[in-house]
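Student: Got a structure for you, written out below as structure tokens; questions coming shortly.
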Amino acid sequence: QVQLVESGGGSVQPGGSLRISCAASGSDFSTYNMGWYRQAPGKQRELVARIFPSGRIDYGDSAKGRFTISRDNAKDTVYLQMNNLSLGDTAVYYCNAGRATPIYWGRGTQVTVSS
């Protein structure tokens, strides 16, 4: 069993930056695929980025070139650094942990980009 708690969300102006974190409790954090998804009102949940135990990283199209995912296995934490944020990045951002597919989900953290 893994519990995930996101933090660091908030409001930011267009062009700004934000770093969100996801702290995991439980065992074997380093063996899980860790990911960030987001869901905007009226839209489906979409992949933002995920990082594998090997260090391999996948980014969703919306994140490429602007967002960076990283993990600290010593702290059981995964991060998402978001730069050059735009209005379209407004969403609830969810952390997940899984194997071939996501298994565990956090409750999400709200990111709002507005002028």
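Student: Ignoring ligands, DNA and RNA, what percent of the accessible area of the chain is carbon or sulfur (1.4 Å)?
Tutor: On the chain, the fraction of accessible area on carbon and sulfur atoms equals 46 percent.
Student: A further question on this structure: Which FRET efficiency value, to the nearest 0.05, do you get for E46 and Q1 by plugging their Cβ-Cβ distance into 1/(1 + (r/R0)^6) with R0 = 41 Å?
Tutor: So the FRET efficiency works out to roughly 0.95.
Student: Find how much the distance from A100 to S54 grows on full extension, using 0.36 nm per residue of separation minus their present alpha carbon separation; answer in nm with one decimal.
Tutor: 15.2 nm
Student: Can I ask one more? Using the Cα centre of the chain as the reference point, and only Cβ charges (+1 on K/R, -1 on D/E), how large is the resulting charge dipole? Debye, rounded to the nearest 20.
Tutor: 100
Student: Trypsin sites (Lys or Arg not before Pro) within the range 42-98: which are DSSP loop residues with at most 12 other Cβ atoms inside 10 Å?
Tutor: K43, R56, K64, K75
Student: With each label point set 7 Å from Cα along the Cα-Cβ vector, what nm distance links S27 and N73?
Tutor: 1.7
Student: Here is a follow-up. Probe of 1.4 angstrom, ligands and nucleic acids ignored: what's the accessible area per residue over the chain, in square angstrom?
Tutor: Per residue, the chain has an accessible area of 52 Å².
Student: Still on this structure, I have one more. Cα atoms only: what Rg and Dmax, in Å, come out for the chain?
Tutor: Spelled out, the Cα radius of gyration and Dmax of the chain are 13.2, 41 Å.
The values are calculated or read from the model by the stated rules, or taken from the named source; none is laboratory data. Bear in mind the structure is a predicted one, so any value in this text is a computation, not a measurement. Glycine gets a Cβ as well: all are built from the backbone with ideal geometry, and neighbour counts include every protein chain shown. When the accessible area is computed, the model is the full protein with side chains, heavy atoms only, and any ligands, DNA or RNA have been set aside. Shrake-Rupley method; radii C 1.70, N 1.55, O 1.52, S 1.80 Å.
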